[in-house]
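Only one structure is covered here, and it is reproduced in the block below.
The values are calculated or read from the model by the stated rules, or taken from the named source; none is laboratory data. Only a predicted model underlies this, so the values are computations on that prediction, with no experimental measurement involved. No Cβ is skipped: glycine too gets one built from the backbone with ideal geometry, and neighbour counts run over all protein chains shown.
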Amino acid sequence: MRIDIKYPERFTAIFETVTGNKLHHPVLGITTDSREIQENDLYIALIGERVDGHSFIGNVENSGATAALVSQIDESLGLQQIVCDNPLIMIGNIANAWRKQFDIPVIGITGSNGKTSTKDLLVHVLQSSYNVHATQGNFNTTIGLPLTLLQMNNEHSISILEMGASVPGEIDVLCRIAQPTHGVITNIAPAHLEGFGSIETITQEKGALFRSLENGISFVNLADDKVAGIRISGKIITFGLTPECDFPADIHQENNGSLTLILDSHDIPTGSQNLSFIKNSIAVTAIAVTLGVEWNNVIERIQSFTPTSGRCQVKQFDDITVIDDTYNANLISSLAALDYLKSFSGNGRRIFVFGDMFELGATSHEQHRKIGKKCTELELDGVFTLGQNTIYTDSMINNGIDHKHFESHDELIHSLKEIVHSGDKILFKGSRGMAMEKVIQGVFAD
């Protein structure tokens, strides 16, 4: 990860105040990856599970870095090294001091599914009325979020911060660094169970965002029982599919299969068949309208939104429709994607190409079986699986559905090239580590 520093003098002043150390030279960028070092960068030496960033200090000096934040000094180097107990905590403290300079709304977004897609849509909608600062890429962790905050500048009038967590306590840390003024939890589902152990622990973890908003506003999804059950001490604004919500919604399916959102008496024809996008739109509208965005602007921006690559992005290859949802996968998002596939109107086969879901702990086999059961219930035309865990998905396929399990990308690509034909609708999904986008490229690149 690397960022540029737009205000070196201001950064130097804050850095020296927080660390108690004088910088010998201005810092023009910050990175945690020695391979990304540029001249006059500050290098953060992190100690991970497999790699110790201190091992690369020599390379960092040779690449032109101006200083390194370390927990142990290499006396053989001429590079300025600022020592502290924990560089990760220190860069978080620096980012917190930087964030305190700005009196603007800061919106935290967390949840088991839909964090990034909700963030992307909210950025698009709020850009009609604000100069938006927001999380880029996967900068949503205890190191990514501080770097994101350090890119906040005087031109920004609002900030949108995605907050991810894989072990307990991380959301609380992110909130203490970012000090959000508003927050939304998209949903709570059995994702990252390997790190959390139970849905109750996940609920406690995600709830840290709302607990941090004692003087702020929590946007509560009443359609999610776990989210709705979190105790909140600050102001609450609710949204969901029931009349008692502050932003009550209904969803109507048009004759062509597209969905129209009726939200607080406003009709929003989305042109989309993606139910997850509609749910994201409800949350985003509640936030945007509360922040003063005009309804007509909200509607226009929802209608003009284009999903980020790999997130339920619909692509056409001649007469074959591909739904690229390869960015990541867990149980809830995969079930929702299957419903999306089934909702497509018109003739042609509906085919699911599915790679392993990761970080599910002891429930992995059962969750993969649930996906197979769903495929059977939806009476899909074909299900083709890849990996070690999706064999349990394949084992649940019946009702005459064409299905086969593969252990390599190349075998799957070769078979799909022979199987797919004109008119097919094909959904590709899997966890990030499965790189299912390679299958799309392999089948359709030529």
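With exposed (fewer than 14 other Cβ atoms within 10 Å of the Cβ), over 19 Å from A178 (Cα atoms) and outside the structural domain of F139 (by TED's automatic domain parsing) as the only criterion, which of S71, S55 stands out?
On the way: S71 fails: exposed (fewer than 14 other Cβ atoms within 10 Å of the Cβ).
Every option except S55 fails the conditions.
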Within the range 250-273, is even one residue touching a residue at least 60 places away in the same chain (Cβ under 8 Å) and under 14 Å from T186 (Cβ atoms)? no
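Please pick out the residue among D356, D381, D325 that is touching a Gly at 6+ places or on another chain (Cβ under 9 Å), acidic (D, E) and either crowded, with 23+ Cβ neighbours inside 10 Å or not assigned by TED's automatic domain parsing to the domain that holds E407 (or both). Can you show your working first?
Values: D356 fails: either crowded, with 23+ Cβ neighbours inside 10 Å or not assigned by TED's automatic domain parsing to the domain that holds E407 (or both); D381 fails: either crowded, with 23+ Cβ neighbours inside 10 Å or not assigned by TED's automatic domain parsing to the domain that holds E407 (or both).
Within the list D356, D381, D325, the selection yields D325.
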For the range 224-262, which positions are out of contact with any helix residue (DSSP H, G or I) (no Cβ under 7 Å at 6 or more places or on another chain), among the basic types (K, R) and either surrounded by 17 or more Cβ atoms within 10 Å (Cβ to Cβ) or at pLDDT below 95 (or both)? R231
(1) outside the structural domain of S159 (by TED's automatic domain parsing); (2) under 25 Å from the mean Cα position of the chain (by Cα); (3) at pLDDT 95 or above: which one isn't true of E49, the others all being true? (3)
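Output the residue which, of all residues in the range 1-43 that are in a helix (DSSP H, G or I) and of a type in the set (V, I, T), is farthest from the chain's Cα centre (by Cα).
We begin by selecting, within the range 1-43, every residue in a helix (DSSP H, G or I); these are 8-19, 34-36.
Next cut, of a type in the set (V, I, T) only: 12, 14, 17-19.
On the way: T12: 31, I14: 30, T17: 33, V18: 30, T19: 31 Å.
Among those that are in a helix (DSSP H, G or I) and of a type in the set (V, I, T), it is T17.
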Taking first residues from the range 121-137 that are free of Cβ contacts under 8 Å to residues at least 60 places away in the same chain and second residues anywhere that are of a type in the set (D, E) and surrounded by fewer than 22 Cβ atoms within 10 Å (Cβ to Cβ), the pairs with Cβ under 6 Å that are 6 or more apart or on different chains are N131/E155
Would you please name the residue that is surrounded by the fewest Cβ atoms within 10 Å (Cβ to Cβ), looking only at residues in the range 77-86 that are over 11 Å from N21 (Cβ atoms) and in contact with a helix residue (DSSP H, G or I) (Cβ under 8 Å, 6 or more places away or on another chain)? G78
Do we find a residue being of a type in the set (D, E, K, R) and either under 15 Å from T148 (Cα atoms) or crowded, with 21+ Cβ neighbours inside 10 Å (or both) anywhere in the range 7-30? no
Here the residues within the range 214-236 that are part of a helix (DSSP H, G or I) and not acidic (D, E) are K226, V227, A228
Any idea which of (1) farther than 16 Å from N113 by Cβ; (2) touching an Asp or Glu at 6+ places or on another chain (Cβ under 7 Å); (3) surrounded by 19 or more Cβ atoms within 10 Å (Cβ to Cβ) is the one I397 doesn't satisfy? (2)
Filter the range 135-144 for residues that are at positive phi and surrounded by 20 or more Cβ atoms within 10 Å (Cβ to Cβ) and give the result. none
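Taking the range 330-356 as the search range and keeping residues that are in a loop (DSSP other than H, G, I, E, B) and either modelled with pLDDT of 95 or more or touching an Asp or Glu at 6+ places or on another chain (Cβ under 6 Å) (or both), which one is farthest from L259 (Cα to Cα)?
If we filter the range 330-356 for residues that are in a loop (DSSP other than H, G, I, E, B), which is where we start, we get 330, 344-349, 356.
Right, trim to either modelled with pLDDT of 95 or more or touching an Asp or Glu at 6+ places or on another chain (Cβ under 6 Å) (or both) and you get 348-349, 356.
Values: G348: 21, R349: 21, D356: 30 Å.
The selected residue is D356.
Looking only at the range 145-173, count how many residues are outside any loop (DSSP other than H, G, I, E, B) and buried (at least 21 other Cβ atoms within 10 Å of the Cβ).
Initial filter on the range 145-173 (outside any loop (DSSP other than H, G, I, E, B)): 145-149, 158-162, 170-173.
Narrowing further to those that are buried (at least 21 other Cβ atoms within 10 Å of the Cβ): 145-149, 158-162, 171.
Going through the range 145-173 one residue at a time, the tally reaches 11.
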Just a yes or no: is a residue in the range 375-387 closer than 17 Å to N330 by Cα, modelled with pLDDT of 95 or more and assigned to a loop (DSSP other than H, G, I, E, B)? yes
Listed residues V60, V125, V132; which is surrounded by fewer than 20 Cβ atoms within 10 Å (Cβ to Cβ) and either within 22 Å of N297 (Cα to Cα) or out of contact with any Cys (no Cβ under 9 Å at 6 or more places or on another chain) (or both)? V132
Just one listed residue, out of I188, I202, I177, is assigned to a loop (DSSP other than H, G, I, E, B) and either hydrophobic (A, V, I, L, M, F, W, C) or touching a Phe, Trp or Tyr at 6+ places or on another chain (Cβ under 6 Å) (or both), and it is I188
